[in-house]
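The values are calculated or read from the model by the stated rules, or taken from the named source; none is laboratory data. Because the structure is a prediction, the values reported are computed rather than measured. Note: ideal-geometry Cβ built from the backbone for every residue, glycine included; neighbour counts use all protein chains shown. These accessible areas exclude ligands, DNA and RNA; they are computed on the full protein's heavy atoms, side chains included. Shrake-Rupley method; radii C 1.70, N 1.55, O 1.52, S 1.80 Å.
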Amino acid sequence: MSAQVKGPASYFPSIESEYGRPVAEWKELIRSSPLTRHMELVTWLKTEHGLGHGHANALVAHTLAEKG
């Protein structure tokens with residue numbers, strides 16, 4: 001039995017299918033943005049790239065958590 005993916009990563013399959021880009025591309029966009037604060041990045045993804053709030057939030061949370 002495989003472990004169920006939890007947290008922000010659970011959104012990744014639907015993000016890729018809905019927006020047509022791999023998660024790695026979205027994460028690279030977030031890393032290359034001059035913005036650094038969580039909600040600034042979420043708002044930017046929503047307004048500039050058309051992501052829904054939950055999807056944008058999941059991508060930002062996961063990417064910022066990687067930075068440590």
Enter the mean projected area of the convex hull around the alpha-carbon atoms of segment 1-61, in nm², rounded to one decimal. 4.2 nm²
Expressed as a percent, the accessible surface of segment 24-64 that is carbon or sulfur, using a 1.4 Å probe and the full set of protein chains, is 54 percent
Accessible surface, the chain, averaged per residue in Å² (probe 1.4 Å): 64 Å²
Using Cα pairs under 8 angstrom and six or more residues apart, how large is the relative contact order of the chain, in percent? 40 percent
Assigning unit charges at the beta carbon (Lys, Arg +1; Asp, Glu -1) and nothing else, what dipole magnitude in debye, to the nearest 20, does segment 4-68 show about its Cα centre? 180 debye
In terms of the charge dipole of the chain, which places +1 on Lys and Arg and -1 on Asp and Glu at the beta carbon, the residue among His62, Pro13, Ser32 farthest towards the positive end is His62
Could you tell me how far the Cα centroid of segment 37-68 sits from the Cα centroid of segment 1-35, in Å? 10 Å
Sorted by average packing, counted as other Cβ atoms within 10 angstrom per residue and highest first, what order do 28-40, 50-62 take? 50-62, 28-40
Between helix 38-49 and the chain, what is the angle of the helix's C-alpha long axis to the longest principal axis, kept within 0 to 90° and rounded to the nearest 10? 90 degrees
